[in-house]
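Quick notes on the structure that follows.
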Amino acid sequence: MIETLAAFMIKEVRHILRDRQTLTILLLMPLVQVVLFGYALRSDVRDVRLAIVDPSPDYASLALSQRFEAAKRFRIVAVAPSMGAIEPLFKRGQVDVAVSFDPEFAAHLESHEPAHVLIAVDASDPNTGSTMQTYARAVIMAYEQELGANHPQAVQIVPQVRMRFNPTLESVNLFVPGLIALVLTLVSALMTAISLSREKERGTLEILLVSPLRPWQIIIGKVLPYLGLAFANVLTALLAAWLIFHVPFRGSITLLLVESIIYSMVSLGLGVLVASLTSTQRVAMLVALLATMLPSTLLSGMVFPLASMPGILQLLSNIVPAHWFIVIARGIMLKGVGLEHLWRETLVLVGMTLFFMIAAVKSFKARVA
Amino acid sequence: MRILRVLLRKEFLQIFRDKLLLRQMLMMPFIQLLVLSSAATFEVKTARVFLVDRDHSTMSHRLSGALAASGRFRIVDRAQSMKPANEAMLGRRTDMIMNIPPDFERDIVRTRTASVQLVFNAEDGALAGVTNSYAQQIIAEYARTLRPSVTSSPAIGIQTRGWYNQELDYKHYMVPGILVQLLTLVGTMMTAMNIVREREIGTLDQLNVTPLPRSAFIAAKLLPLMSIALVEFSVGLVVARWLFGVPMVGSLTLLFFCAIVYLVVALGLGLWVSTIVHTQQQAMFVSFFLLLVYLLMSGLFTPVRSMPEWAQWIAEVNPVKHFIVITRSVLLKGAGLTDILRPLGILAASGVIVLTLAVRQYSKRAA
Amino acid sequence: MTAPNPAPAELAIVAHNLTRRFGQFTAVDHITFDVKVGEVFGFLGANGAGKTTAIKMLTGLLAPTEGDAKVAGLDLKTETEQIRRRIGYMSQRFSLYEDLTVLENIALYGGIYGLTSPQIAERSSVMLEKLGLEDDLVGKLPLGWKQKLAFSVALLHEPAVVFLDEPTGGVDPITRRQFWEMIYSAAERGTTVFVTTHYMDEAEYCDRISIMVDGRIATMGSPVELKQKWNVPSIDELFVRLARSG
């Protein structure tokens, strides 16, 4: 029995190795993705283009404008006496924020009447819109505090801030676990689905089913070589993350690798299930794509924070395996926690693997019977 | 000309007979728009705060009260020491810890200075940064209220306005981007897979043996898919309007014209992909990879201007990015032709380049 | 007819040192042969001997690494487009569109080859009648009918030369017979038929054959001549002998 299984697996491995083109794509693509996105994707807001609208410049408005100039995030691209001049810039997308002073700014400040400032933000991108607003506000309020600090009665509450798990606030630390999940899903689920359904289409699967190999052995034999490939991908991705981006690895690498294997198996199981339920290669591909890639990117918390989603989607994310893996990966890499905090998530993944595998075997048996 | 007609007939017949494909085509806009636009939001809702108040004074209560009253923060738990708070953060039960030291009120009364510790879960660095900024603003506000005479101090009144999207509604922002993604998916992936499929089956050879001009073949492949993509786009726009209330301020004719230019690029890319891969499977992988790169680097999810220089250059030649800019400008800002001249020009140029490259690459005789 | 140095106009195909290499591997190794107009020429060889590669070069699908050829009197390298107008092709893998009907496939290829609508209509009805087919989706036809249909479509535009790559693969003996009858009637009308096959018994049906072994032409001539020359009872025997020694 072992020899038959081994022979079968060797054939699968040969198959994979011989298709050089696909192999290159499978090994290279994920690596390129990790590197590319690691460098390119930043979720924080930098280089905000600022327009100053100052109808009657005075020492205070100039001082506040100075503060904006000095703030690294902002870059003053235009100064005008009225909002009208700035509007066309907004329309053409050349300005992100406009700060408009009221005409008697310094005078109002001195007489302790409210001196008004308008922050106008190009909110066609509401995400960056509200962030830019918050930062602009911060600059203004800091200036206000400065003015008031000279008052003998002024109170100062000094916040001491600690950014846990990611002191440098690097975006890449957030994305890398998600990218690894994506890479694993791609290789495991898609490849298995395609490989299996191709055998089905060609008719070679029937030969296997008629042989002494049992359905579960066929599945295992198909799945293990791709597991190897997925594992290779994880290693390269993690290496890239560590060497190039200095993503921290605070927890146990062994645990991370083990969890990656478990997650791969979930994806593989899903791929097998898809293949057993669809009739042609093309359908298998499309269904696998829809069932794995889309939920993994959107509903897993990889790109979009789950907390911001409507309740239904948050519930749905619980059946997306990638979600659990991302929690685990982030926990291990960024927080340095171990199984004591992650046992529940791990159990979920193991459960999912078993579920998909059993469902796949059952569905295969149904064909033979 | 007649050959083109004959070919187009064949393509359309094949497409309409592929029931599975048709169903997918019709369903995709709906599913994507529904799920994506609900999911795709970075809106910061409330941040969960774990309060460690070791002072229990009026002032400390007022401070934490101010935080909670802002609507952006929600106190989910309290304790007397940092240990349970840290545990909660590790266990993902809180986003932030506010640690008020035991002599808080006394320090303020005596020295007019006190400190407060804020600990943030900075896995999402950008989010933590914004939350931090907000928290500090609230703290500063509270500090101001502690002055005996509030009115005798310089005060700046801040008003804010968001242009083009009054309520900062995410859907209005994301939906155009999702529509573009849809178009790209249909355009590039379907084109690539369609042509590679003919190669895999063997009908491509049969066509290459005929006196069929290369241009006719390519046109016959691209035109039907372009029309399908445009239909999808229209359906998507209708859904966007009715279901999500996305405003359509600008000219739809202009938008469709731009869509056609964009599709030339997307389809040309699909054509190019079909010349470099051998199987449908590879076609799918490569187009998906390209799609992913284009999408993530388009500014839809992360701002382009936060990217490093070289990445911004890539984004500059990213047709997805430009079409998203165009779509948003036309739909949300009511931009006219002159306002979008630059992105449109880049798209047109890309289209010409991609198409030329792809046509050159495609040859009836294998070298 | 074997006049010395026949005028080129009587030769449908002339190949000279035709070679094709894929990296280190030489699939077709300097083959030289010619086919007369109206001949049924059998291009035999085992699977993997290089037959399909050779046919792909002659039909303009693959560029030769070395050597040259003339098809229907036109140069392969420089007059490829004109050659395409004058040849028909039936590939090894099935070449009609399964999701289109018989008439739709005919209309497609007819249009591509520049036939007028009345021409297409006329030839379609003739074809349907001859084959005894209804206008169904091609995918629904049994294999034998598909093959016969593909052959008819290859002849639709009345080409000078028609190339058939393993046309009778997987088909029952009766259908094979019918197929060869169709080949004969095409040849009688003056169409040159270049057919590759690995069924050695089909060799007997051809005017002349060549046997390819490992990319080279091991022998060439009419079946009768070859059997005499090599002293074998059948072409099958001849092939076995050549394949073993090659």
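Here, each number is a calculation from the coordinates, and none is a lab measurement. Treat the numbers as computed from the prediction; the structure is a model and nothing was measured. For neighbour counting, all protein chains shown are included, and Cβ atoms are generated from backbone atoms with ideal geometry for every residue, glycine included.
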Tilt of helix C:102-112 relative to the longest C-alpha principal axis of chain C, in degrees (0 to 90, nearest 10)? 70 degrees
Quick calc: nm separation of the 7 Å Cα→Cβ label points for A:Ala71 and A:Ala232 -> 5.0 nm
Protection proxy ranking of B:246-253, A:302-309 - average other beta-carbon atoms within 10 Å, highest first: A:302-309, B:246-253
What's the FRET efficiency of C:Asp99 with C:Lys36 using the Cβ-Cβ distance as r and R₀ = 41 Å, to the nearest 0.05? 0.55
Would you mind computing, in nm to one decimal, how far apart the modelled labels at B:Thr58 and C:Asp214 are, each placed 7 Å from Cα along Cα→Cβ? 10.5 nm
Computed over chain B: longest principal axis from alpha-carbon atoms vs helix B:19-31 long axis, angle to nearest 10 degrees, is 20 degrees
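What is the ratio of the Cα radius of gyration of chain B to 2.2 N^0.38 Å, with N the residue count, to two decimals?
Details: Rg = 28.2 Å, N = 367, 2.2 N^0.38 = 20.7 Å.
Dividing the Cα radius of gyration by 2.2 N^0.38 Å gives 1.36.
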From zero outward in steps of 10 Å, how is the percent of C-alpha pairs of the stretch B:47-145 spread across the bins? 16, 51, 29, 4
Rounded to the angstrom and largest first, Cα extents along the principal axes for the protein assembly as shown equal 123, 67, 47
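Evaluate the charge dipole of chain A about its Cα centre and quote only its size in Debye, nearest 20, assuming +1 on the Cβ of each Lys and Arg and -1 on the Cβ of each Asp and Glu.
Values: 29 positive and 25 negative charges, 441 e Å.
Computed charge dipole of chain A: roughly 2120 debye.
Once a ≥ b ≥ c are taken as the square roots of the eigenvalues of the Cα gyration tensor of chain A, is the result rounded (a/c under 1.5), prolate (a/b larger than b/c) or oblate (a/b not larger than b/c)? All intermediate terms of the calculation are to be shown ahead of the outcome.
Working: a/c = 3.34, a/b = 2.68, b/c = 1.25.
Cα axes put chain A in the prolate bin.
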Provide the FRET efficiency to the nearest 0.05 for the B:Thr160-B:Val76 pair, computing r from the beta carbons and using R0 = 22 Å. 0.20
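Anything over 24 Å Cα to Cα? Flag those among C:Lys56/C:Lys148; B:Lys364/C:Lys36; C:Lys36/C:Lys227; A:Lys91/B:Lys171; A:Lys11/C:Lys140, in the order listed.
B:Lys364/C:Lys36; A:Lys11/C:Lys140
Can you tell me which of A:131-137, B:114-120, A:108-114, A:88-94 comes out highest on packing, and rank the rest after it, using the mean Cβ neighbours within 10 Å? Don't skip to the answer; put the middle values down first.
Working: A:131-137: 22.6, B:114-120: 20.4, A:108-114: 15.0, A:88-94: 16.9.
Sorting A:131-137, B:114-120, A:108-114, A:88-94 by mean packing, highest first, produces A:131-137, B:114-120, A:88-94, A:108-114.
Within 10 Å of each Cβ in B:325-334, how many Cβ atoms from other chains are there, averaged over the peptide? Please report the intermediate quantities before stating the final value.
Working: counts 2, 0, 0, 3, 4, 0, 1, 2, 6, 1.
That average works out to 2.
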With chain A treated as a Gaussian network of Cα nodes joined by springs under 10 Å, which of A:Ile312, A:Ile332, A:Ile244 yields the largest mean-square fluctuation? A:Ile312
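Can you pull a Stokes-Einstein diffusion coefficient for the stretch C:1-100 at 37 °C (0.692 mPa s), Rh from Kirkwood over Cα pairs, as a whole number of µm²/s?
Details: Rh = 14.7 Å.
The calculation lands on 223 µm²/s.
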Any chance you could give the angle, 0 to 90 degrees and rounded to 10, that helix A:215-245 forms with the longest Cα principal axis of chain A? 30 degrees
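Across the stretch A:48-149, how large is the tail of the calculated P(r) beyond 15 Å, expressed as a percent of all Cα pairs? Kindly include the intermediate steps, with their values, before the conclusion.
Numbers: 3056 of 5151 pairs.
Value for the stretch A:48-149: 59 percent of Cα pairs lie more than 15 Å apart.
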Can you list the residues, at least 5 places off or on another chain, whose amide H is less than 5 Å from the amide H of A:Val161, using H built in the peptide plane? B:Leu118
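Which pairs, out of A:Lys335/B:Lys83; B:Lys19/B:Lys321; A:Lys72/B:Lys83, put more than 24 Å between their alpha-carbon atoms? Walk me through the numbers on the way to the answer.
Values: A:Lys335/B:Lys83 15 Å; B:Lys19/B:Lys321 32 Å; A:Lys72/B:Lys83 36 Å.
The pairs that break the limit, which is 24 Å between Cα atoms, are B:Lys19/B:Lys321; A:Lys72/B:Lys83.
Per DSSP H run of at least 4 residues, take -39500 (n - 2.57); add these up for chain A, divide by its residues and hand me the 222 nm value, nearest 500 deg cm²/dmol.
Numbers: 16 runs with 234 residues, N = 369.
Per the formula, -20500 deg cm²/dmol.
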Spin-label model distance (nm) - A:Arg162 vs C:Ala63, 7 Å beyond Cα toward Cβ: 6.8 nm
Rg followed by Dmax, in Å, when the stretch B:1-68 is reduced to its Cα trace: 29.4, 89
Cβ-derived FRET efficiency at R0 56 Å, B:Phe16 paired with A:Trp216, nearest 0.05: 0.85
Specify which residue in the list C:Ala12, C:Leu238, C:Val153 is farthest towards the positive end of the charge dipole of chain C, using unit charges on the beta carbon of Lys, Arg (+1) and Asp, Glu (-1), about the Cα centre. C:Leu238
Taking the beta-carbon count within 10 Å as an exposure proxy, list C:Asp75, B:Asp95 from fewest neighbours to most. C:Asp75, B:Asp95
dims of the stretch C:8-245, Cα set, principal axes, largest to smallest, nearest Å -> 51, 41, 34
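Sorted by average packing, counted as other Cβ atoms within 10 angstrom per residue and highest first, what order do B:123-133, A:67-77 take? Mind showing how you got there, number by number?
Numbers: B:123-133: 22.8, A:67-77: 14.8.
Those peptides, ordered most packed to least, come out B:123-133, A:67-77.
In percent, what relative contact order does chain C have, based on Cα pairs under 8 Å that are 6 or more apart in sequence?
Details: 428 pairs, mean separation 64.6, N = 246.
Value for chain C: 26 percent.
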For the stretch B:244-341, how big is Rg over Rh, using alpha carbon atoms and the Kirkwood form of Rh? 1.03
Among DSSP bridges having both ends in the protein assembly as shown, what percentage is antiparallel? Round to the nearest 5. 35 percent
